[in-house]
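Written below as C-alpha cells is the structure these notes are about.
What follows is calculated from the coordinates using simple rules that are stated; it is not laboratory data. Just so we're clear, the structure is a prediction, and the values are computed from it rather than from any experiment.
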Amino acid sequence: MKHVLFLLATLLSTTTLAQLEPVATSETVWNGVTVTADHRIFVCFPRLEGDTGMRIGEVLPDGHIVPYPNAAWNNWQAGAATDETFVRTNSLRIGPDGLLWGVDTGTPRMGAAPLPGPAAKLVAIDPRTDQVVRILPLAAVSTATSFIDDLRLWDNTIFLTDAGAPALIVLDKTTGQGRRVLENHVSTTDQLPIRAEGKIMKDERGNEVRIHADQLEISPDGQWLYFQPASGPLWRVETKYLCDAAMDEKALAAQISLFYQTPSTGGTAIDAAGNLYVSDVNRRRILRITPEGATSVVVQDKRLLWCDALWIDHEGYLWMPTGQLNRLAPFQKGVNKVQRPVVIYKMKIGARPSPS
C-alpha cells in the first residue's frame, strides 16, 4: 500500500511540475507581471532593500529586460527630483483602459517614510506610444507611515491598498482626488503572523512582519471589492458603498463581511467568472476560490517561492512571478538568501481575464 501511495504521489508531483512553463528570469527580485492583449510583458522590481536600478521593465521576446518606458524614469538617485521618475514601484497592471498603471510608493526603501512632494504617485503609460500619459500624486491620501501597495480600476474609480498605514484609498480617476477609508479597521489591519516556507516572517530586529491592506480584486461585474492584509483573511464590500463619500466610517464598516480565511498570501488574481486565485506562500501553491467560497488547489510546486502579483492573460494562462521576497535580507537577519535567478512561470488554466 505504501508503495502504491508513493507512486501516486510521484505521478502527481510529476504532473504538477509539467504544468509550469518558465517564461522569464531575472537576477533582480521582482514582485509583479502584467501582459497586454498583444503579448507585451511588463514586470515590477520592488527594490525593498533600497538599491538602485530598474523599477519597471519590459521583457523582450529574446528574454532581455529593458527599462520602461525609458531609462530616465528608472534612474532615480537619492536627492534627485521625484516628479518624473520612479522612486520605488511596488505594483503594476494593464487596466481596463489599456494603460499600464504603476504604483510608486515614494519610499526609497522598505520601512522609510514617503518622500515629500510628488514621490508617491500613480503613473499611467500608454503601451501604444510608450509615453507617460497620467501622473496622479498620492501625497494627499498618504501618511508618514504609508506604503501604497496595489491598485485596481473600475469605471472612473481607482482603489488602492495602504500596507503601511492600514486603509483603503478611493480615487477619482478623472480628478485624482481621493480619500482614505477603513483606517485601522480589522479588515485592513494585519493581525496574524505571515508564514512563508514554514517560518514566521520577522524583521531584522526580530519583530513579526506586518503587511496591512495588501491584495485586492474587483468582481467582474464591479459589484464587490475583495481585499485583505497579507496574512489574511479575505474580506469584501460592495463598491457602491466605498464610492459613497457621504457614508461615514461606522456605516461603511457595517457593510464589510468576511469572505474567506485565506492563508499568508503573496498575490491574487480574478477571472471572468469571478473565481479568485490566491498565492499561498507558506505551502507554495495557488488556490482557486469560487464566488460561493468553494476552494480547490490549482497547482502546488516547490518552485513557487513567494508567488506575488498574479496575472491572467487573454490566452487563458495564469502568470506567477516567484520573487522570493521572504528570502530578502530584511527578513533573514540581514542575510540575503534569494536563490537566483528568480523566475516567472505561467500555467494554462482555461480561464478568461476579468474586465477589471
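Quick look at the numbers
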quantity	calculated
Residues whose placed amide H lies under 5 Å from that of Gly267, excluding near-sequence neighbours	Ser279
Separation of alpha-carbon centers, segment 14-68 and segment 280-356, rounded to whole Å	13
Segment 180-225: projected area of the alpha-carbon convex hull, averaged over directions, in nm²	4.9
Cα-Cα over 32 Å, subset of Lys199/Lys348; Lys240/Lys302; Lys199/Lys346; Lys202/Lys346	Lys240/Lys302
For P(r) over Cα pairs in 10 Å bins from 0, in percent, calculated from these coordinates, the label among [x] 5, 22, 30, 22, 13, 5, 2, 0; [y] 5, 19, 24, 20, 14, 10, 5, 3, 1, 0; [z] 5, 26, 37, 24, 6, 1, 0	[z]
Taking the C-alpha atoms of segment 47-118, convex hull volume expressed per residue in Å³	102
Rounded Å value of the spacing that divides the Cα centres of segment 82-120 and segment 202-221	17
Cubic angstrom per residue, convex hull over Cα atoms of segment 197-270	111
Relative contact order (percent, whole number), the chain, Cα cutoff 8 Å, 6+ residue spacing	14
Extension gain, Thr143 back to Arg109 (0.36 nm per residue minus Cα-Cα distance, nm)	10.7 nm
